[in-house]
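Here the structure is laid out as structure tokens; the discussion comes afterwards.
The values are calculated or read from the model by the stated rules, or taken from the named source; none is laboratory data. Bear in mind the structure is a predicted one, so any value in this text is a computation, not a measurement. We place every Cβ from the backbone using ideal geometry, glycine too, and count neighbours over all the protein chains shown. We work out accessible area using only protein heavy atoms, side chains counted, and drop any ligands, DNA or RNA first. Shrake-Rupley method; radii C 1.70, N 1.55, O 1.52, S 1.80 Å.
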Amino acid sequence: MSRVVVTGRVPDAAVEKLRAAHEVDAWPGPESIGREELLRRVAGADAVVSLLTERIDAELLDAAGPQLKVVANVAVGYDNIDVPACTGRGVVATNTPGVLTDATADIAFGLILMATRRLGEGERLIRSGQAWKWGMFFLLGSSLQGKTLGVVGMGGIGQATARRAKAFGMEIVYQSRSEIDPGIAAELGARRVDLDELLSVSDVVSLHCPYGPATHHLIGPEQLTAMKSSAYLVNTARGPIVDEAALASALREGRIAGAGLDVFEHEPQVHPELLELDNVVLVPHLGSATVETRTAMAMLAADNVLAVLSGERPPAPIG
Ligand code: DGY
């Protein structure tokens with residue numbers, strides 16, 4: 001029997017699955033486990049099931065000890081994990097791709113609709129108790145039909161967002177490290193372009209690339225200036241892909257029309273200027289937040305752990 005440490009609250013079904021075969025030490029939450037407590041608990045663990053709020057770095061791997069075999073992140077993004085440090089110690093790192101694709105694309109598209117149709121503004125207006133009435137020019141937004149969606153990072157979530165956009169009558173361009181499956185490109189009518197072209201032709205830019213040194217502030221002052229003044233930016237990937245101060249300036253000065261953000265540069269803090277602006281929709285990292293999706297993510301993380309502890313290849317290794 002191996003010892004598995006779960007660093008935060010996850011759906012019970014996943015903990016039970018692990019517990020059927022191993023000794024499980026699961027942090028009960030609801031507050032995040034503190035760093036000190038985390039370092040103390042991982043000592044002697046054979047497996048760590050981590051949430052994206054916990055940093056899995058050399059210090060933690062050393063605190064765990066040489067018997068550690070697997071770190072299973074309950075997220076598709078793994079910027080919280082020092083993967084080379086894991087690999088260097090023979091620790092397998094895993095994530096949860098696939099199971100959150102639709103949930104995240106739904107939130108991306110929800111933000112696109114909220115931003116372009118000014119739903120947040122309308123909701124705030126009614127709740128404020130201010131008088132309002134229907135008017136020909138009242139809270140006019142922008143239509144999506146016939147407009148262009150630019151997808152930055154055309155993996156599963158980018159493709160699922162593009163599929164939704166296509167159903168709304170949008171044209172698709174994308175920027176990605178590699179060409180996507182030609183069948184999918186044809187189905188979506190999607191054209192691969194470079195980032196400069198994508199920014200200049202898109203009416204909505206939606207970010208779906210992984211975060212790392214290569215994508216830090218991928219969208220900064222220059223890129224925001226390259227966008228149309230009528231365009232919208234949506235980020236459901238990771239906050240630091242966008243230079244939040246530059247975005248706040250672009251929104252305030254009307255250099256782009258609006259934005260929808262599910263993730264933040266210094267999460268959970270939000271740039272104070274964004275809070276003052278009406279043309280940005282702000283939601284608290286809800287991309288995968290459905291009961292079904294979070295359960296599937298936790299079950300996949302449990303399967304990753306069980307496979308590695310049985311000497312098998314896990315279903316979702318990173319890299
Ligand atoms: C992920 O899996 O990376 C998401 O951000 C979690 O919601």
Scanning the stretch 219-230 residue by residue, those within 12 Å of Asp196 (Cβ to Cβ) and open to solvent by less than 80 Å² (accessible area, probe 1.4 Å) turn out to be Gln223, Ala226, Met227
Taking the condition within 14 Å of the chain's Cα centre (by Cα), surrounded by fewer than 16 Cβ atoms within 10 Å (Cβ to Cβ) and in the same structural domain as Gly141 (by TED's automatic domain parsing), does Glu267 pass? yes
Assess whether Arg238 counts as being modelled with pLDDT of 95 or more, open to solvent by 30 Å² or more (accessible area, probe 1.4 Å), within 16 Å of the ligand (Cβ to nearest atom) and more than 12 Å from Leu149 (Cα to Cα). yes
Would you be able to tell me the number of residues in the stretch 169-196 that are open to solvent by less than 70 Å² (accessible area, probe 1.4 Å) and either assigned to a strand (DSSP E or B) or not assigned by TED's automatic domain parsing to the domain that holds Gly150 (or both)? 5
For Arg55, all conditions in the list (1) modelled with pLDDT under 95; (2) open to solvent by 80 Å² or more (accessible area, probe 1.4 Å); (3) within 23 Å of the chain's Cα centre (by Cα) hold save one; what is the number of the exception? (1)
Which condition does Arg41 not pass, out of (1) in contact (Cβ under 8 Å) with a residue 40 or more places away in the chain; (2) over 21 Å from Glu267 (Cβ atoms); (3) in a helix (DSSP H, G or I), if it passes all the others? (1)
Go through (1) modelled with pLDDT of 95 or more; (2) in contact with a strand residue (DSSP E or B) (Cβ under 8 Å, 6 or more places away or on another chain) one by one and return the number of the condition Ala43 breaks. (2)
Going through Ser202, Ser206, Ser178 one at a time, which residue ends up being of a type in the set (S, T, N, Q) and within 16 Å of the ligand (Cβ to nearest atom)? Ser206
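The rows are residues; the columns are (1) surrounded by fewer than 16 Cβ atoms within 10 Å (Cβ to Cβ); (2) outside the structural domain of Glu197 (by TED's automatic domain parsing); (3) in a helix (DSSP H, G or I); (4) among the small types (Gly, Ala, Ser).
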{"residue": "Leu111", "(1), (2), (3), (4)": "no, no, yes, no"}
{"residue": "Ala115", "(1), (2), (3), (4)": "no, no, yes, yes"}
{"residue": "Arg124", "(1), (2), (3), (4)": "yes, no, yes, no"}
{"residue": "Arg127", "(1), (2), (3), (4)": "yes, no, yes, no"}
{"residue": "Trp134", "(1), (2), (3), (4)": "yes, no, no, no"}
{"residue": "Leu140", "(1), (2), (3), (4)": "yes, no, no, no"}
{"residue": "Val151", "(1), (2), (3), (4)": "no, no, no, no"}
Some residue of the stretch 90-105 being assigned to a helix (DSSP H, G or I), farther than 19 Å from Cys209 by Cα and free of Cβ contacts under 8 Å to residues at least 60 places away in the same chain: no
Would you please name the residue that is surrounded by the most Cβ atoms within 10 Å (Cβ to Cβ), looking only at residues in the stretch 283-312 that are more than 11 Å from the ligand (Cβ to nearest atom) and not in a helix (DSSP H, G or I)? Val283
